[in-house]
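This report concerns only the one structure given below.
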Amino acid sequence: MAVALPFFPEATRRALFKSFDAAAAHPDRYSRFGHAFGSDPWLSMLAEIEAGADYAGGRCVLASLALNGYFAIAELAFAPDLRHALEAA
């Protein structure tokens, strides 16, 4: 199952990957979006779909965390007729 994580600078992301097997993690898009706090996992999901990933009818784990101890984890199930949009601001 794919894992959408926050976007962090490389050093912070390496530290995060020491906590779990990062093989299923989405690519980091810090250089494109910066760190957008709780929005990072959602942006990651949309960017993966924009890049050609097909999550229609599939599942993904979204995770957000902060160095002060805040974290949130959600497992999402996508509708078979998934529609999405990622538009430049």
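So here's what we get for this one:
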| item | result |
| --- | --- |
| Under 5 Å, built H, 5+ apart or other chain: amide partners of Ala25 | Val3 |
| Residue order for Met1, Met45 - accessible surface, 1.4 angstrom probe, largest first | Met1, Met45 |
| Residue range of the chain that is longest and free of trypsin sites (Lys or Arg not before Pro) which are both DSSP loop and sparsely packed (at most 12 other C-beta within 10 Å) | 19-82 |
| Listed residue (Leu76, Thr12, Ser39) projecting farthest to the positive dipole end of the chain, Cβ model | Thr12 |
| Heavy atoms of Ser19: accessible area, 1.4 Å probe, square angstrom to 10 | 90 Å² |
| Within the range 61-89, backbone nitrogen closer than 11 Å to the virtual label 7 Å beyond the Cα of Ser19 toward Cβ | 63-73 |
| Length-normalised contact order for the chain - Cα pairs under 8 Å, 6+ apart - percent | 32 percent |
| Per residue accessible area of the chain, 1.4 Å probe, in Å² | 64 Å² |
| Crossing angle, helix 40-50 versus the chain [Cα axis fit, 0-90 degrees, rounded to tens] | 40 degrees |
| Summed side-chain charge close to Ala11 - residues other than Ala11 whose Cβ falls under 15 Å, Lys, Arg +1, Asp, Glu -1 | +1 |
| At most 15 other Cβ within 10 Å, DSSP loop - GluC sites (Glu not before Pro), the chain | Glu87 |
| Accessible-area composition of the range 2-77, carbon plus sulfur, in percent [1.4 Å probe] | 58 percent |
| Distance-filtered residues of the range 67-89 - backbone nitrogen under 14 Å, label point 7 angstrom along Arg32 Cα→Cβ | 85-89 |
| Using θ = phi - 60° and Karplus 6.51 cos²θ - 1.76 cosθ + 1.60, couplings along the range 73-87 (whole Hz; Gly, Pro as x) | 9, 9, 9, 10, 10, 9, 5, x, 9, 3, 10, 8, 8, 10, 10 |
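The values are calculated or read from the model by the stated rules, or taken from the named source; none is laboratory data. All values derive from a computational prediction rather than experimental measurement. Counting neighbours? That spans all protein chains shown, and the Cβs are built from the backbone with ideal geometry, glycine included. Note: accessible area is taken over every heavy atom of the protein model, side chains too, but ligands, DNA and RNA are not part of it. Shrake-Rupley method; radii C 1.70, N 1.55, O 1.52, S 1.80 Å.
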